[in-house]
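Structure first, then comments.
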Amino acid sequence: MTYFIDRRANAKHKSAVNRQRFLDRYRTHIKRSVEEAVNRRSITDMERGEKVSIPTRDISEPVFQHGPGGKRTIVAPGNKEFVEGDRLRRPGGGGGGGGAGEGGASNQGEGMDEFAFTLSREEFLDFVFDGLELPHLERKALVDLDEVRPVRAGVSKEGVPARINIVRSMREAYARRIAMRAPIRRALREAREALAEEEHKDPVLRNPSRIAELKAEIERLEKRLEAVPFIDTYDLRYNNLINQPQPSSKAVMFCVMDVSGSMTQGHKDIAKRFFLLLYLFLERNYEKVELVFVRHHTAAKEVDEEEFFYSRETGGTIVSSALTLVDEIIAKRYPPGQWNLYVAQASDGDNWDDDSVNCRELLMKSLMPRLQYFTYVEITPHAHQALWEEYETVAAEFPDRFAMRQIVEAGDIYPVFRDLFRRRTAT
Amino acid sequence: MIRRKPIATGSDWSFEVLEAYEQELVRLADEYRLDTYPNQIEIITTEQMMDAYASVGMPVGYHHWSFGKQFLAVEQAYRRGQMGLAYELVINSDPCIAYLMEENTLMMQVLVMAHACYGHNSFFKGNYLFRTWTDASSIIDYLVFARKYVAECEERHGVTAVEQLLDACHALQNYGVDRYKRPSPISAEEEMRRQKEREEHLQAQVNTLWRTIPGPVASDTLAADQDEEDPLGLHGGERYPPEPQENLLYFIEKNAPLLAPWQREVVRIVRKLAQYFYPQRQTQVMNEGWASFWHYTLMNRLFDEGLVDEGFMLEFLQSHTAVVNQPPFDSAYFSGINPYALGFAIFSDIKRMCEAPTEEDREWFPDTAGGDWIEAVHFAMRNFKDESFIQQYLSPKVIRDLKLFMVVDDDQEEMLEVAAIHDDRGYRRIREALATQYALAVREPNIQVYSADIRGDRSLTLRHVQDSRRPLARSVYPVMRHLHQLWGFPVRLESTMDDDTVARRYQWPLPEEESRSH
């Protein structure tokens, strides 16, 4: 006896729980891999999963096994030239001895000392942002009303054919048919009864004209009954959709970078990663994140991403030029009532001496009151200069919303990033 | 030339076509006296196949990270195209569940049905090891019970506690089987009914064994060996257990001093499942050989009767050849002896020596040569395991065909020695050596419970009997650690030579920790 069962529609991911258990168990290993990946990867491929390797010995499931040594007898196939009594040199490494039949060949490929697997993009990013929380993630009030989502709202008599609610329409039609046919049926039944009565009478007493009249009446009624339409336009009901404004949160992130001659490509690479992490982070917390790239040397300019990261400039540095431009852009395009505003600035700390004070003024008076958060990273192994000192006073003024850190090499980025956005415990 | 009326052509399949082929296979299987459990054939997707793989084919199982690891490994290998997924998976249950992957071609589906639903299925039902050790009708229920029980434990005692316990049990699961005693078959209902009862009973037993005040020591042993350190003979009682115990998990379940009742139950679950897989570990060559032999025979019959076309048959032969291919030892593809190849060769050879016996066959296999081949292969399938099967049926012809040779690797010699090749002097020795290679006792170190010090420090001592001076691998330490978790007191392991002298001692916790605490 045999029967076939089609299981294809059944749940997949039966192993999801076990997979999660595995990932939890090796959290520390995986995190290390993820951190390395964040530092190593180029910007364009941050948005994918990551291959993670864990040393096999760390995840092995030990059982009692024979070790190398002692006397082993191996039977192997494919003898070509050996005869009994031949002596052979041990194949490299000693003790390996042909490796036949011992303990079953590994199905994970031979000789791997790393257990490798792939994290999905979601899993990867979860590990990247594990334990981090976006500062001041407040939902701005109902944003511009053109951001709406259609929502089902009952049924209506008007609509487009694509949204016909068939069940409701047929129910309406059925009710209408019953209502419209009932009087006709009643009249028909009465006419038939009258006719039967008439025909039942003694032939002498029959009234032929009455019979003819009744027959005509019956015929007319039957036609009317048939003429009641099965479905009519006013039976139709449509699923009603209304547009509901959605409380959504939008964010804009300003990337401000110094591209003066003192910033080397190495500095820029580090800055790049910093921006990228912030962007990924915002993207996960807001439905919509816009990016604005502002680069500056002595003058600031809004550019596209390509130009921001990859073109070179030379010259001196006036930081306030960039901050002024950011201020203008906010005023023009991103009213703070509707947007969450973030600024991330990367620089090597150089600035015209006189300009640092301007920066502080600008931040304190104009920018900080409107921003959600301002992060500043200084990529330099050297001593701090005037800009850092001025920023410190700003930081003292806005301790919750202004963060600054120093980065020396690429490996520092991730810890700095974690530090900046560490989940704030309620104080 | 017969007229071909194939049931279907091309590589697409449908349920109707599969059922039609199924009908034909039943008819042919009957003719060959293949006795099977009912078949439950499930069509599944690739993803589901990977799931099934990860849980060793068990349709339900308790949750454990190691299955997740297995899944990731399978998925990775599959993505890289390193491994085609095996196109079949069959579960020893009644009804016998076989999985077909939806993207298989028609030929593949028919092949899998022949291979799994008639080959493996009849093996599960007929082979003595499976008949003795597993109860196909209750395994699924038992798995469901196990999954529920473990899930309950996780709720009550936390995921981590259960996970650590399972880790420890898994490390010992190959030692969770009575090799020589016939076990009681597992049954889910029985388990649940008796579980409560057992918890209490077990605990009482353990309490008796470990009560702090020992019973009076028999006076004759007291007089017999006087020990200066122990003049009253308090430690001199009978060794416990009196006989070495090979079933470590069973011993732990019944005797570990500190385990809570639910922990004993989990140990039992792992032990019972290990018992279910025990026959499979010992019949790989036979099982795969038997299934390959029958898919080959049945597919050829379908072709002879004109039920499949030439394209189908060519595709089949290509696939079959790949499955039973044995690369030579010096090939890049060599990874040990292919059980499909060896098993298929031996079963085919039994058929050959029945139908066309040679002088050599009559001399080597007087009982089989020239007999009824169907009876002969069934006899072989029913009454052997890999070790004895090879010992009994590996013929000179198969040794010659596979060009088997035997190498002795002795770490006391500088060179390897070719001890035998496929010639008159070598046949018997190769047969002997190959059979031994499949003996479980040789593949896995022989380790037994030697003594539990119930009067002293409660330590547990295991004994490993070295096979041809082969020592234990380094994994012995982590396993000892797991054992220690279960036992709760120091565990020792003595690795002994053939002459009973102890070659090496292991212990956990490690001695330096111990000496520090003294």
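Brief remarks follow.
- Under 5 Å between amide hydrogens, built in the peptide plane, is the criterion, and for A:Gly316 it picks out A:Thr298 among residues at least 5 positions away or on other chains.
- Phi angles across the stretch B:249-262 convert, under the Karplus curve 6.51 cos²θ - 1.76 cosθ + 1.60 with θ = phi - 60°, into 3J(HN,Hα) values of 5, 5, 4, 5, 4, 8, 10, 4, x, 10, 5, 6, x, 5 Hz, Gly and Pro given as x.
- Each Cα pair of the stretch A:250-420 feeds into the Kirkwood radius, which the Stokes-Einstein equation turns, at 20 °C and 1.002 mPa s, into a diffusion coefficient of 136 µm²/s.
- Cα gyration tensor shape of the stretch B:331-441, rounded if a/c is under 1.5, else prolate or oblate by comparing a/b with b/c: prolate
- Averaged over the residues of B:473-482, the number of partner chain Cβ atoms lying within 10 Å of the residue Cβ comes to 4.
- Across the stretch B:312-354, counting alpha-carbon atoms alone, Rg and Dmax equal 12.2, 36 Å.
- Out-of-range pairs (alpha-carbon distance over 27 Å; input A:Lys71/B:Lys272; B:Lys125/B:Lys254; A:Lys14/A:Lys288; A:Lys31/B:Lys148; B:Lys148/B:Lys272): A:Lys71/B:Lys272; B:Lys125/B:Lys254; A:Lys14/A:Lys288; A:Lys31/B:Lys148
- The alpha carbon gyration tensor of the stretch B:27-176 gives principal lengths a ≥ b ≥ c with a/c of 1.5 or higher and a/b no greater than b/c, which makes the shape oblate.
- Note, ³J(HN,Hα) from phi for the stretch B:430-446, Karplus 6.51, -1.76, 1.60, rounded to Hz, x at Gly and Pro: 5, 4, 4, 5, 5, 4, 4, 4, 9, 6, 4, 5, 8, 5, 10, x, 8
- Convex hull volume per residue, computed on the Cα atoms of the stretch A:161-240, equals 74 Å³.
- Among beta bridges identified by DSSP and lying wholly in chain B, the antiparallel ones come to about 65 percent.
- Modelled spin-label separation between A:Asp232 and A:Lys215, with each label point placed 7 Å from Cα along the Cα-to-Cβ direction: 3.2 nm.
- Taking every DSSP bridge with both residues inside the stretch B:445-517, close to 70 percent are antiparallel.
- Förster radius 56 Å - calculated FRET efficiency between A:Val83 and A:Val408 (Cβ-Cβ, nearest 0.05): 0.25
- Restricting the calculation to Cα atoms, the stretch B:445-517 shows an Rg/Rh of 0.97 when the hydrodynamic-style radius is the Kirkwood one.
- Take each residue of peptide A:176-184, count the partner chain Cβ atoms within 10 Å of its Cβ, and average: the result is 0.
- Counting only other chain Cβ atoms within 10 Å of each residue's Cβ, the peptide B:329-339 averages 5.
- FRET efficiency estimate (nearest 0.05) - Cβ-Cβ, A:Asp353 to A:Val151, R0 60 angstrom: 0.55
- A Förster radius of 60 Å combined with the Cβ-Cβ distance from B:Glu414 to B:Leu510 puts the calculated FRET efficiency at roughly 0.95.
- The sum of -39500 (n - 2.57) across all DSSP H runs of n ≥ 4, divided by the residue count of chain B, sets its helix-only mean residue ellipticity at 222 nm to -16000 deg cm²/dmol.
- Hz values of 3J(HN,Hα) by residue in the stretch A:210-217 - Karplus curve (6.51, -1.76, 1.60), Gly and Pro given as x: 5, 4, 4, 4, 5, 4, 5, 4
Here, each number is a calculation from the coordinates, and none is a lab measurement. Here the structure is a predicted model, which means the values were calculated and not measured. So basically every Cβ, Gly included, is an ideal-geometry build from the backbone, and we count neighbours across all protein chains shown.
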